[in-house]
1. At a 10 angstrom cut-off on C-beta neighbours, averaged per residue, how do the peptides 128-141, 6-19 rank from highest to lowest?
2. Along the Cα→Cβ direction, 7 angstrom out, place labels at Ala132 and Glu51. What is the inter-label distance in nm?
3. I want to check the label-to-label distance for Asp28 and Glu7. Put each point 7 Å from Cα in the C-beta direction and report it in nm to one decimal.
4. For the pair Glu65 and Thr122, how long in nm is the line joining their label points, each one 7 Å along Cα→Cβ?
5. Most exposed first by the Cβ proxy, i.e. fewest other Cβ within 10 Å, how do Ser147, Ser72 rank?
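Each value in this text was obtained by applying a stated rule to the coordinates, not by laboratory testing. Note that this is a predicted model, so its numbers are computed, not measured. Quick reminder, even Gly has a Cβ in these numbers, built from the backbone with ideal geometry, and neighbours come from all protein chains shown.
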Amino acid sequence: MSIAVGEILEGKVTGLTKFGAFVSLPDDQVGMVHISEVSTSFVKDIADFLERGQEVKVKVLSIDENNKISLSLKQVPENEQLIRSHAGEGGKPGKERAEKKRSAPNVWQGQKPKYEEGQELTFEEMMSKFKAQSDDKLTDLKRATESKHGGFSRRGGNKRYG
């Protein structure tokens, strides 16, 4: 039986690597599922989705001149349940936390601005205050730097000798 591009075949996972999984196919052939073709969601560790000896359905994406066979799990409609179950809906422990962390509505991780309680600021107001604080800090830094360098001025020469 010859394998053709676009076919959906059954195979068995024979090996896992950082970059994908090797799957044995009919006629003693082996193909590889790249990590990007395992799921529609981000896959950090392929072992979260597959394990050695697991029976899977794969789609043949390409066969190159050296007979290397590229496969996909995510492009097989029957695998939709397998993919969904590992993408945060009952996968390994900790997946729910990772999904919640990724979908957090508040992306800012720095300190929150300290203003009077109950005061709501627009984005423009926050940017204006940030710019003013930044300018103040920069001015202080310049003063401190100039005093450490013996009073030299950027406008020319030494302050003491004109």
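1. Result, highest mean Cβ count within 10 Å first: 6-19, 128-141.
2. 6.1
3. 1.7
4. Calculated label separation equals 6.3 nm.
5. Lowest count first: Ser147, Ser72.
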